[in-house]
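J.: Mind looking over this structure? Questions follow.
The values are calculated or read from the model by the stated rules, or taken from the named source; none is laboratory data. Just so it is clear, the model here is predicted, and its values are computed rather than measured. Quick reminder, even Gly has a Cβ in these numbers, built from the backbone with ideal geometry, and neighbours come from all protein chains shown. Please note that ligands, DNA and RNA were not included when accessible areas were found on the heavy atoms of the full protein model with its side chains. Shrake-Rupley method; radii C 1.70, N 1.55, O 1.52, S 1.80 Å.
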Amino acid sequence: MPRYYLAKLGVTSKETLNRTAIARMPLLIQGYDLRQAEAAFDWVANSFILPSGRDSILQHSDHHRRLGHLLVIASGGLAPCVQRIGSHLNAAATVGTEVLVKNGRYASRVGSPVVIGREKAARTMRLVSQLGVDVDWAASYAYADSIHDLPFLELVGCPAAVHPDRGLLCIAQERGWRVIDGD
């Protein structure tokens, strides 16, 4: 709670607050074996995240897939959940925050830097390179909802702010980016 109040007061950034919250998520599955964790990730993805998906963004992902575009899902969420979302959307690949596994059990901490801010952009570029795909970044599309995603959106020539927070909305309007705000 103190970090939340510090962010509300502007003493620390919301990105730091979000990074800290994501980094602490593995505490929820600490000690789970792989089978137990898989069941938990399935439940979170299928019962919580996927049903809350907005029709507007789902339509855009379908549109890009029909056009043959490479669909990559990049999120600060825990990688196993992001992978399930990517699978549901028929994405070519996903980027998410890895969770540390030791001796067949999930540890209480992340196993990679949290995928937020510049890390999201860097990990996305690294993944595309690993896939061996030649991407025309200037003709590519990216969708995001947070000011923390700015480095990710700046990778592409066709960024869109989806149900954006106030900071991203201001930047999107200043730069003439598309804003998607309906369901």
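J.: How much accessible surface area, in Å² rounded to 10, belongs to the heavy atoms of residue 63 with a 1.4 Å probe?
T.: About 80 Å², rounded to the nearest 10.
J.: What is the calculated FRET efficiency for residue 139 to residue 30, with r their C-beta to C-beta distance and R₀ = 41 Å, to the nearest 0.05?
T.: For residue 139 and residue 30, the calculated efficiency is 0.40.
J.: Under a 1.4 Å probe, what is the accessible area of the range 18-121 per residue, stated in Å²?
T.: The answer is 55 Å² per residue.
J.: Now a separate question. Between residue 174 and residue 108, what length comes free when the chain is fully extended (0.36 nm per residue of separation minus the Cα-Cα distance, one decimal in nm)?
T.: Length gained between residue 174 and residue 108: 19.7 nm.
J.: Considering only protein heavy atoms and a 1.4 Å probe, what is the carbon-and-sulfur percentage of the accessible area of the range 132-183?
T.: The C+S portion of the solvent-accessible surface of the range 132-183 is 48 percent.
J.: Oh, and also: Check which residues have an amide H placed less than 5 Å from residue 74's amide H, if you skip close sequence neighbours.
T.: Excluding prolines and chain starts, which carry no amide H, the hits are 95.
J.: Considering only C-alpha atoms, what is the centroid distance from the range 36-101 to the range 161-183, in Å?
T.: The distance from the Cα centre of the range 36-101 to that of the range 161-183 comes to 22 Å.
J.: Between (1) 43, 36, 33; (2) 47, 43, 31; (3) 56, 33, 27, which matches Cα extents along the principal axes in Å calculated for the structure shown?
T.: (2)
J.: So if I place +1 on the C-beta of Lys and Arg and -1 on the C-beta of Asp and Glu, and nothing else carries charge, what would the dipole magnitude of the range 22-133 be about its Cα centre? I want it in debye, nearest 20. If you can, show how the numbers build up before the last one.
T.: Working: 13 positive and 7 negative charges, 58 e Å.
Roughly 280 debye, rounded to the nearest 20.
J.: If I model a spin label as a point 7 Å beyond the Cα along the Cα-Cβ vector, how far apart are those points for residue 50 and residue 62 in nm?
T.: With each label point 7 Å from Cα toward Cβ, the separation is 1.5 nm.
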